[in-house]
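What follows is a set of notes on a single structure, which appears directly below.
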Amino acid sequence: MISIWLQLGFEHILDLNGYDHILYLITLCAIYSIRDWKKVLYLATAFTMGHSITLALNAFDIVSIPSFLIETLIPVTIILTALYNLVTDSKTKTKTKTKTNETVGYFLAITFGLIHGMGISNFLKALMSPGDSLIMSLLGFNIGVELAQIVVVLISLAISYIALNILKVNKSNWIKTISLISILISIYILSK
């Protein structure tokens with residue numbers, strides 16, 4: 001039974017029709033290189049933790065937020081992450097990058113995970129059968145989400161490695177390009 005929910009969580013992240021999660025993860029990865037893979041996986045896990053919390057709160061009918069608000073906030077989280085990338089990149093150029101930037105990154109990942117988790121919670125509840133264990137369903141789904149996010153992160157870092165190390169794209173230009181494309185796509189999502 002848990003394997004079905006694991007598969008649903010995995011497919012939820014990799015579903016191209018709901019590309020907002022993939023876009024968020026690509027945007028999140030833009031400022032990192034392959035040598036930062038552990039840090040990025042921690043950020044993705046922080047995002048999953050936030051996602052898991054709101055899934056559970058909604059599934060147990062503790063918190064409910066109108067879907068139109070969540071659907072508006074999800075692209076906003078992508079825009080804010082892209083803007084964070086641009087600010088972080090400019091701080092790196094002036095050598096003012098600090099440990100605070102990392103802490104802010106983790107805080108944002110958890111917070112934005114909370115918002116993204118609300119976006120899928122009603123869908124998850126609709127899929128549940130009366131005999132399904134809510135806890136096992138949530139556990140399987142969230143493990144699937146985390147595994148799929150690892151796939152997206154590793155692919156993003158591999159593409160970044162190719163761009164930066166083989167094609168010799170300037171890192172600042174890379175960050176700006178990914179971030180600006182993410183902002184444009186998010187604005188498009190908001191306009192729908």
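Just one residue in the set D61, D36 is among the acidic types (D, E) and modelled with pLDDT under 90; that residue is D61. Scanning the stretch 13-27 for residues that are out of contact with any helix residue (DSSP H, G or I) (no Cβ under 6 Å at 6 or more places or on another chain) and in a helix (DSSP H, G or I), we see that the one that is nearest to N122 (Cα to Cα) is G18. A residue that is of a type outside the set (K, R) and over 25 Å from Y42 (Cβ atoms) can be found somewhere in the stretch 151-166. The single condition among (1) outside any helix (DSSP H, G or I); (2) open to solvent by 70 Å² or more (accessible area, probe 1.4 Å); (3) within 26 Å of D36 (Cα to Cα) that L154 does not satisfy is (1). Scan the stretch 82-91 for residues that are crowded, with 22+ Cβ neighbours inside 10 Å and modelled with pLDDT of 95 or more and the total you get is 1.
Considering only residues of the stretch 28-67 that are more than 24 Å from L139 (Cβ to Cβ), of a type outside the set (S, T, N, Q) and not in a helix (DSSP H, G or I), which is farthest from the chain's Cα centre (by Cα)? Per the stated criteria, the residue is P66. Restricting attention to the stretch 2-18, the residues being at pLDDT 90 or above and of a type in the set (F, W, Y) number 1.
Within the stretch 107-130, residues that are crowded, with 20+ Cβ neighbours inside 10 Å sit with their Cβ atoms under 6 Å from residues that are among the small types (G, A, S), at 6+ positions apart or across chains, in these pairs: A109/A46; G113/G50; L114/G50.
The values are calculated or read from the model by the stated rules, or taken from the named source; none is laboratory data. From a predicted model like this one, the values you see are computed outputs, not experimental measurements. Virtual Cβ from ideal backbone geometry, glycine too; neighbours counted across all protein chains shown. Just the protein is used for accessible areas: all its heavy atoms, side chains included, with ligands, DNA and RNA removed. Shrake-Rupley method; radii C 1.70, N 1.55, O 1.52, S 1.80 Å.
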